[in-house]
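Data block below; observations after.
The values are calculated or read from the model by the stated rules, or taken from the named source; none is laboratory data. Model, not experiment: these values are computed from the prediction. Neighbour counts are summed over all protein chains in view; Cβ atoms, including those assigned to glycine, are modelled from backbone coordinates with ideal geometry.
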Amino acid sequence: MVVFASDGYGEGFAFYKGSSQLLNIPLIPIPVINENIDSVAPDFNAFAQANLSKPAAALSQHPVGQELHLKQPLCFGGDWNDEKNMVWVTPTQHAELVRYWNRIYRDVSRQKG
């Protein structure tokens, strides 16, 4: 799976190598192959056309160049409705946090399994 973009709110857009179908995935945890994943477009062209036609979100709701990160991810009991659980971070910080939490998720899953 190749993740190529984020929606800025904890989900990303991806495709499987060899497939043109675009997927909407959670970034924590990133799903494994064959999990139930939402398809958002049959190919990148359709994805771009659909998204370019949407109105821009209000800038006051989403700081430009920032990603919303849940300090305690949903898969670990975090609450999406708790503002104290939310922090805006740079894309670089977000990538580091996503890698960290996915590593923790895999480790916990291995211990359970």
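Residues are listed down the side, and each one gets a yes or a no for (1) in contact with a Lys or Arg (Cβ under 6 Å, 6 or more places away or on another chain); (2) closer than 11 Å to Ile28 by Cβ; (3) exposed (fewer than 14 other Cβ atoms within 10 Å of the Cβ):
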residue	(1), (2), (3)
Glu67	no, no, no
Lys71	no, no, yes
Asn81	no, no, yes
Met86	no, no, no
Ala95	no, no, no
Ile104	no, yes, no
Ser109	no, no, yes
Lys112	no, no, yes
*asked:* Yes or no: the stretch 9-29 includes at least one residue that is in contact with a Pro (Cβ under 6 Å, 6 or more places away or on another chain), hydrophobic (A, V, I, L, M, F, W, C), at pLDDT 90 or above and surrounded by 14 or more Cβ atoms within 10 Å (Cβ to Cβ).
replied: yes
_Looking at the stretch 63-74, can you tell me whether even one residue there is without any contact (Cβ under 8 Å) to a residue 60 or more places away in the chain, farther than 18 Å from Asp7 by Cβ and not hydroxyl-bearing (Ser, Thr, Tyr)?_
yes
